[in-house]
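Derivation of every value follows stated rules applied to the coordinates shown; laboratory data play no part. Fair warning: this is a prediction, and the values are worked out from it, not measured in the lab. When we count neighbours, we look across all protein chains shown, and the Cβ atoms used for this are built from the backbone with ideal geometry, even at glycine.
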Amino acid sequence: VPIIPTFLYTTEYEGANSTVSPARPEPAPAALAAPPLSSVLSYFDNTSVPVWGSTSAAELPNGTGSSPPGHPPSTPATPARGCLRGGEFLARENTRVGLLFASKALLQLLVNPCVGLLTNRIGYHIPMFVGFTILFFSTVMFAFSGTYTLLFIARALQGVGSSFSSVAGLGLLASVYRDDAERGSAMGIALGGLALGVLIGAPFGSVMYEFVGKGSPFLVLAFLALLDGALQLCILQPSRISPESAEATPLCTLLRDPYILVAAGALCFSNMGVAMLEPTLPIWMLQTMCSPQWQLGMAFLPASISYLIGTNLFGILANRMGRWLCSMVGMAVVGISLLCVPLATNIYGLIGPNAGLGFAIGMVDSSMMPIMSYLVDLRHSSSYGTVYAIADVALCMGFAIGRAAFLELWGCLTLLRGVLSLFLTLEFAGPSTGGVMVRALGFPWLMVTVGVLNVAYAPLCWLLRSPPAAEEKM
């Protein structure tokens, strides 16, 4: 998440400009009144600072003339505090990064039902090891990929591996821990492992990328994946076929169960906010806060820490206070936190909303995952591969729909920007003002949309308060 936006900017935008700019001729003094970069640089703080090694005065953001007589020409100015140039490129990159991140969720969405059926027939151990193997190769591919296409393929492979690992892992826990309270606690710890990976991953990736290089964090992860594979070989023995003892309920039957659908919807909508934040927050920070590279990963740190605390805490407490109530409160807090994210003006302003978001998603996940297996025990046969395929599909739909909605809304904003720019060109301050206003509206409205959606969905969790058993329904 923190590496891809800056990596694409460095390799594609700066790489292209570095090959073109030396051959650009010195513009005539008459052209200084309307510099070509003024509409781009006005997106940021235009305080002039000197840059060594350049002599052209035509790139001054304020468009002033040449230097006084007897002195060399002024050096061009760059946006203060390390802002990135190329606002139009960053706008296009939003779409490409969103597609890249969404490819994992889309592939995972398609593979999950097949993995659920597979685990019902051969057990959970072999699919978990297959997932490890695919994740290992995708991680190595990330380390050595230098183009957008290869990164896209690696991300898609990651989705396939995650499907095997997630469905098999959750199903294995549900089959081992039959007691509802123990199952909730075990799943809270497992989801805490997910949080720990995100907690370490984003800051670790951004720091390693800035100070060591792009491939370094992925090679370290590949080594850790090998250790995980060795543990699986020793403990899980993934050569044994051990199908479920109970006959699995058909997927279509589970999808017609309204209580399972309500639980899946809570997982989907609560995680949709994170799905939008991943591709948009780093680029929004680059555009509005001029954040350095290391801050792009640190921005997700509060959410990861609070998610780790929330999953472990409510893995135990949710059963006592009622998982339906825990999920309802969590979804409401998710909505409020998303509404507060666009109000931040620096990285410190993101700490509170992101921490609330992570804590609330931890409440929902640690409540809904055990409810899925509880509903299967209560209303269907106790075979868990298929129901956790549905749960993982719900998570993936949250990420896929979130990014698809982001891309759709970004396309609408592009059209709106053109109309607004034309109006402001005629009435007020020129096309750059229209670009600033519409870009400022884009990210906040994404957060408002998903925030309101979570608050509106939260009351439906009340339906999970006391779901009827199959005999009562008959």
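Here are the numbers for this structure:
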| item | result |
| --- | --- |
| Shape of segment 221-368, Cα gyration tensor, a/c cut at 1.5 | oblate |
| For Pro2, net neighbour charge (Lys/Arg +1, Asp/Glu -1) across residues whose Cβ lies under 12 Å away | -1 |
| Calculated FRET efficiency for the pair Phe211/Ile122, C-beta based, R₀ 30 Å, to 0.05 | 0.10 |
| Potential extension, Arg465-Glu182 segment - 0.36 nm per residue separation minus Cα distance | 99.9 nm |
| Global geometry of segment 104-253, whether rounded, prolate or oblate, following the gyration tensor of its Cα atoms and the 1.5 cut on a/c | prolate |
| Extension gain (nm, one decimal) between Cys234 and Ile336, 0.36 nm per residue minus Cα-Cα | 32.2 nm |
| Stretchable slack from Ile153 to Cys252, in nm (0.36 nm times residue separation minus alpha-carbon distance) | 32.5 nm |
| Among Gly310, Ala202, Leu221 the positive-end extreme of the charge dipole of segment 193-344 (Cβ point charges) | Gly310 |
